[in-house]
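Visitor: Provided herewith is a single structure, encoded as C-alpha cells, for subsequent inquiry.
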Amino acid sequence: MEEVKLKIADMIKSAINDEIALEDILSKIEVPKDKKNGDFAYPCFNLSKLLKKSPVDIANDIKENIKLDNNIKEIQVVNGYLNFYVNDTDISKKVLTNIFNMKEKYGFQNIGKGQNVCVDYSSPNIAKPFHLGHFRTTIIGRAISNLYKELGYNTISINYLGDWGRQFGLVIEGYKRFKDEYDISNDPLHSLADMYVRANKLAKEDEEVMNMARENFKKLEDGNEEYLKLWKYFRDVSLKEYYKLYDLLNCKFDSYNGEAYYNDKMQEVIDILDKKGVLVESRGAKVVMLGENEPPCIIVTSIGSTIYATRDLAAILDRTRQYDYVKSIYVTSYEQINHFKQVFEVAKYIVDEKYAKGLVHVPYGMVRLKTGKMSTREGTVIYLQDLLNDAIKKADNILVEKNNKIHDRENIAKQIGIGALVFNDLKTSKIKDVVFDLDEILRFDGETGPYIQYTYVRTISILKKAGFNEKNIDINSIDFSMLNTEDEVELIKKLDSFSDVIKRAANEYEPSILARYLIDVASLFSRFYNNSQVITNDINLKNVRCLLVYATSIVIKKGLAILGIDTPNEM
C-alpha cells in the first residue's frame, strides 16, 4: 500500500499545482480508523491559509482535478477530508503476487546497504547462572538485531560479558571460604552463585569481610597469579554453561569480548580526555563535568581505579575502529539510563561525531516475581534454565492432551515452550515491567506465542489438504477478483503492511510492534478461515484462497523468525 500512498500524494500535488513539497503531502496522509472513511485520508485544513479557501472547497477542487486509475476506485469529500478508496482487486494482485514471488525474502528492504550496526545485548555477569532478568536483554537484543538485518544492515551481535569488577572480590572470597561444601564440577554456576550470596551476606554483617573482598579484587587488578587463574576458571566454566543455554535459545553472537578485554585499553581514553582538557579533579577522583545540573562522570576513582564507565568508553572507541558502525545499540534495563546518558556525553570527546551520534541506549523494564524484584545478592531469583525446562514440560503435557500421535513431540514441545516465553516478553512494550505467568502464556488461544504458532500450523495443514504446491501455480492464471469479502480484503491489506511494520519496529527499537502485528494477522486469518471455505469445488476460488493462505503462512513464519521463534509443522 506504500506504493498507492505515494501515488495518492502525487495525485494531490498535481491537482493543487502549487509549490508544496511531495514529502509534506505524504506525511499528512492518514489511514482512517473507521474503514467506512476509506483506505487513506488527506486533511485539507493545512492548505486553507495557502490557497485562501475553506478546507471543504479545497477538497472538492482537488477531487475534480484527479483522474481515477486502477489503484483508486473512489474519492469522497467529508468535512474537509479527501477519503480515498483503493481498488481491492488491484491491491490483492500486487500483494499476493509479491509474496508469492519473494517467498521468505518478503519484507526485506535494503535500506542499510550493508552498513554496520552493533547490537550489545545479553551480557551476563560470569560466575552466575542466567536468571529471568537476563532473558529480556537477550531476546529483545536479538529481535532488534534481526530487524536491522531485514533493513539490509550488517548486524554485529556483541555479548559484553560482565567479567570484571569489584563483585569478583566477593566471588573469590566466597570460593575461598565455601568451595569444599559444593560439587562445583557438576553444577558450577549455581555453586559459585550460592557462594557469592553467602559471602555478600557475611560482608553486610562484618565490615572486615567486605575489606577482604576489596583486597581480593585489588590483587586481581594487580595481576596476582593465583587470583587471575581463579578468575579465568570462573569465566571458562560460565561460558561453557552459557553456550548450552544460547544453543537452546538458538542465539548466536559475533563477539564475547567482555569488560576484562578493555583493561589495557582504558588508559588511551584517559589520555584523550586529559589532552582535551575535560578531565578534572573532584574530591580526589578524575571526572568529566557534564553541566551545571548534572552529576559528573567519574573516569578514575579517588583510589586510582577505573570503573564501568571507563570500560564502556574504551569499548566505544574500540568498536569504532573494529566495525565502523552507523549505529551502536545497547540493550539494558532502564536502571542504566543515567549511566548511558553520561557515557554517551563523554564519548563525544573521544570519537568522531558520526560515531557519537550513532550511540543508542534501548532500555527495557524489569522482570518481576509476584513477590517483588529479583536479586542475586538476596538469593531471590528465577533461573532461566529452570523456567525453560518448566515451559517445555508444560508444553509437552499440553501436546499429549491435544494430540498424542504427534511426531517429533520432544522438539515441538521445545519450540512451543520457548516460543511462548519469547513471545510473551516481546508482545509487550519493552519499557514495561513483565510478570510471568507460565499457565497463561502457554494457552493455545488469546494473544500468545502458541496461538500464533498454531495459526501457522493451520495454514500448512489447509494447504496440504488442498494439495497446494507453489511450484505448480501459474500466478498469471489466478483470478484475484474472487477475493472480495471483507475478511479477505482486510487480511491482504494487513499482509501488505509487513515491510512497513518491520521498518517501524526497527526505527523505534520496539519488537512489540511486530509481535502485535502477528497477533492481528493471526486474528484476521482465523476470521477469514471461519467465514470462508478454502477447499471448494470451484477450482478458481480454491486456487486464489489457497494463495492467500500460503501468503499468510509466509508472513507468520518470517515474522516469528525475526522475533527468534521457531514454527512447528504440527501441534
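Visitor: Show me the helices (runs of 4 or more DSSP H) found entirely inside region 467-567 where at least 1 residues are of a type in the set (Asp, Glu).
Guide: Because the criterion is at least 1 residues that are of a type in the set (Asp, Glu), the helices (runs of 4 or more DSSP H) in region 467-567 that meet it are 486-496, 498-507, 512-531.
Visitor: Continuing with the same structure: Just for region 97-131: of the residues that are basic (Lys, Arg) and over 17 Å from residue 549 (Cβ atoms), which one is farthest from the chain's Cα centre (by Cα)?
Guide: That would be 128.
Visitor: Out of 275, 286, 265, I need the residue that is without any contact (Cβ under 8 Å) to a residue 12 or more places away in the chain and not hydrophobic (A, V, I, L, M, F, W, C). Which one?
Guide: 275
Visitor: Having 1 or more residues that are at pLDDT below 90 is the bar; report the helices (runs of 4 or more DSSP H) wholly within region 7-85 that clear it.
Guide: 22-28, 48-51
Visitor: Sticking with this structure for a sec: Of all residues in region 104-126, which are among the basic types (Lys, Arg) and at pLDDT below 95?
Guide: none
Visitor: Kindly indicate the residue of region 258-307 that is under 23 Å from residue 352 (Cβ atoms) and basic (Lys, Arg) and also farthest from the chain's Cα centre (by Cα) among those meeting that condition.
Guide: 275
Visitor: Separate question: Suppose we keep only residues that are modelled with pLDDT under 95 and charged (D, E, K, R) within region 253-264. Which one would you say is nearest to residue 160 (Cα to Cα)?
Guide: Among residues in region 253-264 that are modelled with pLDDT under 95 and charged (D, E, K, R), the one nearest to residue 160 (Cα to Cα) is 259.
Visitor: Give me the pairs: first residue in region 45-59 and in contact (Cβ under 8 Å) with a residue 12 or more places away in the chain, second residue in a helix (DSSP H, G or I) and of a type in the set (Phe, Trp, Tyr), beta-carbon distance under 7 Å, and six or more apart or on different chains, which are they?
Guide: Listed by first residue and then by second, the contacts come to 55/45.
Visitor: Where the second residue is of a type outside the set (Phe, Trp, Tyr) and surrounded by fewer than 17 Cβ atoms within 10 Å (Cβ to Cβ) and the first is closer than 19 Å to residue 286 by Cβ and in contact (Cβ under 8 Å) with a residue 24 or more places away in the chain and lies in region 331-359, which pairs have Cβ atoms under 6 Å and are six or more apart or on separate chains?
Guide: Cβ pairs passing all conditions: 345/290; 349/276; 350/272.
Residues checked against (1) under 25 Å from residue 508 (Cβ atoms); (2) of a type in the set (Phe, Trp, Tyr); (3) surrounded by fewer than 17 Cβ atoms within 10 Å (Cβ to Cβ); (4) at pLDDT 90 or above:
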site: 403; (1), (2), (3), (4): no, no, yes, no
site: 413; (1), (2), (3), (4): no, no, no, yes
site: 416; (1), (2), (3), (4): no, no, no, yes
site: 421; (1), (2), (3), (4): yes, no, no, yes
site: 437; (1), (2), (3), (4): no, no, yes, no
site: 452; (1), (2), (3), (4): yes, no, no, yes
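Visitor: Identify, please: which residue in region 212-256 is among the polar types (S, T, N, Q) and more than 37 Å from the chain's Cα centre (by Cα) and is, among those, farthest from residue 565 (Cα to Cα)?
Guide: If we take residues in region 212-256 being among the polar types (S, T, N, Q) and more than 37 Å from the chain's Cα centre (by Cα), then 224 is farthest from residue 565 (Cα to Cα).
Visitor: Another question, then. Applying the selection to region 474-505, what residues are more than 14 Å from residue 523 (Cα to Cα) and surrounded by 21 or more Cβ atoms within 10 Å (Cβ to Cβ)?
Guide: Correct list: 480, 483, 496, 498, 501, 502, 505.
Visitor: If you don't mind, there's one more thing I want to ask. Is it fair to say residue 86 is surrounded by 15 or more Cβ atoms within 10 Å (Cβ to Cβ), without any contact (Cβ under 8 Å) to a residue 40 or more places away in the chain and on the phi < 0 side of the Ramachandran plot?
Guide: No.
Visitor: Here is a further query. Give the residue that is surrounded by the most Cβ atoms within 10 Å (Cβ to Cβ), with candidates limited to residues of region 141-195 that are part of a loop (DSSP other than H, G, I, E, B) and of a type in the set (S, T, N, Q).
Guide: Once the filter is applied, the top-ranked residue is 159.
Visitor: Tell me which of these residue 1 doesn't satisfy, since it passes every other one: (1) within 14 Å of residue 75 (Cα to Cα); (2) touching a residue at least 40 places away in the same chain (Cβ under 8 Å); (3) touching a strand residue (DSSP E or B) at 6+ places or on another chain (Cβ under 9 Å).
Guide: Looking at each condition in turn, residue 1 falls short on (1).
The values are calculated or read from the model by the stated rules, or taken from the named source; none is laboratory data. This structure is a prediction, so every number in the text was calculated from the model and none was measured. Backbone-built Cβ (ideal geometry, glycine too); neighbour counts: all protein chains shown.
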